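Participant: So that we are looking at the same thing, I have put the structure below in structure tokens.
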Amino acid sequence: LVKGNHDILKERWYSSAGIQLWDKDMVLRDVRFCHENCAFGDNYYLFCGHIHPGVVVSGIGKQSLRFPCFYLTENHCILPAYSRFSGMATIEPSATDSVYAIVDNSLIRLQ
């Protein structure tokens with residue numbers, strides 16, 4: 001686990017749960033994992049969090065629903081929050097991006 005601002009439990013809890021912690025980035029071959037510093041453009045495929053992406057799905061009328069999502073581009077993936085208390089930042093994906101919404105504990109590809 002790359003620790004983020006919401007990971008506030010004592011380190012011994014993670015250790016007893018068998019979870020290895022990284023305070024900053026973790027690099028595994030050509031993939032980099034980080035929490036807050038989602039700086040794109042290095043030589044790694046980047047997985048990051050912190051901004052908690054969400055996507056808006058609009059209906060025929062003026063109704064809309066907002067869902068947390070996995071937001072994937074050519075060089076990075078931004079992970080959703082795993083808590084209902086964290087909020088969401090609405091994304092506007094480009095045509096080449098992929099978006100997977102989390103709906104009723106299922107993943108639905110929207111794009």
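Participant: What FRET efficiency do you get for TRP13 and SER86 if R0 is 22 Å and r is their Cβ-Cβ distance, rounded to the nearest 0.05?
Facilitator: Efficiency computed from Cβ-Cβ geometry: 0.70.
Participant: Taking a ≥ b ≥ c as the square roots of the eigenvalues of the Cα gyration tensor of the range 61-111, is the shape rounded (a/c under 1.5), prolate (a/b larger than b/c) or oblate?
Facilitator: oblate
Participant: Ok, one more. So if each residue of separation counts as 0.36 nm, and I subtract the Cα-Cα distance between THR96 and ASN43, what length gain in nm does that give?
Facilitator: 17.1 nm
Participant: Using each residue's phi in the range 97-108, evaluate 6.51 cos²θ - 1.76 cosθ + 1.60 at θ = phi - 60° and report the 3J(HN,Hα) Karplus result to the nearest Hz, with x for Gly and Pro.
Facilitator: 3J(HN,Hα) across the range 97-108, in whole Hz: 7, 10, 9, 10, 7, 9, 10, 6, 6, 10, 9, 10.
Participant: Taking 25 Å as R0, compute the FRET efficiency from the Cβ-Cβ separation of LYS24 and ASN75 and round it to 0.05.
Facilitator: So the FRET efficiency works out to roughly 0.80.
Participant: In square nanometres, what is one fourth of the surface area of the convex hull spanned by the alpha carbons of the range 44-87?
Facilitator: For the Cα atoms of the range 44-87, the hull's average projected area reads 3.8 nm².
Participant: Sticking with this one: Check the cysteines of the chain one by one and keep only those with no other cysteine Cβ under 4.7 Å from their own.
Facilitator: Cysteines lacking a close Cβ partner in the chain: CYS34, CYS69, CYS77.
Participant: Could you tell me what percent of the accessible area of the chain is made up of carbon and sulfur, with a 1.4 Å probe and every protein chain present?
Facilitator: 54
Participant: Using a probe radius of 1.4 Å on heavy atoms only, what accessible surface per residue do you get for the chain? Whole Å² is fine.
Facilitator: 71
Participant: Counting helices only, and only those DSSP H runs with n ≥ 4, report the 222 nm mean residue ellipticity of the chain as the sum of -39,500 (n - 2.57) divided by its residues, in deg cm²/dmol to the nearest 500.
Facilitator: It comes out at -1000 deg cm²/dmol, rounded to the nearest 500.
Participant: On to the next question. I need the chymotrypsin sites (Phe, Trp or Tyr not before Pro) found in the range 10-74, filtered to DSSP loop residues with at most 16 other beta carbons within 10 Å of theirs.
Facilitator: In loop regions of the range 10-74 (DSSP not H, G, I, E or B), the sparsely surrounded chymotrypsin sites (Phe, Trp or Tyr not before Pro) are PHE40.
Participant: Give the relative contact order (percent, whole number) for the range 32-111; include only Cα pairs under 8 Å separated by 6+ residues.
Facilitator: Over the range 32-111, the number comes to 26 percent.
Participant: Per the Debye formula with a single identical scatterer at each Cα and no solvent contribution, what log10 I(q)/I(0) holds for the chain at q = 0.12, 0.18, 0.22 Å⁻¹?
Facilitator: Values returned for q = 0.12, 0.18, 0.22 Å⁻¹ are -0.48, -0.98, -1.27.
Participant: Let me ask something else. Have a look at the DSSP beta bridges in the chain and tell me what percent are antiparallel, nearest 5.
Facilitator: Taking every DSSP beta bridge within the chain, about 65 percent pair in antiparallel fashion.
The values are calculated or read from the model by the stated rules, or taken from the named source; none is laboratory data. Please read all numbers here as calculations on a predicted model, not as lab measurements. Neighbour counts run over all protein chains shown; Cβ positions are idealised from the backbone, glycine included. Ligands, DNA and RNA are stripped out before the accessible areas are found, and what is left, the full protein with its side chains, is counted by its heavy atoms. Shrake-Rupley method; radii C 1.70, N 1.55, O 1.52, S 1.80 Å.
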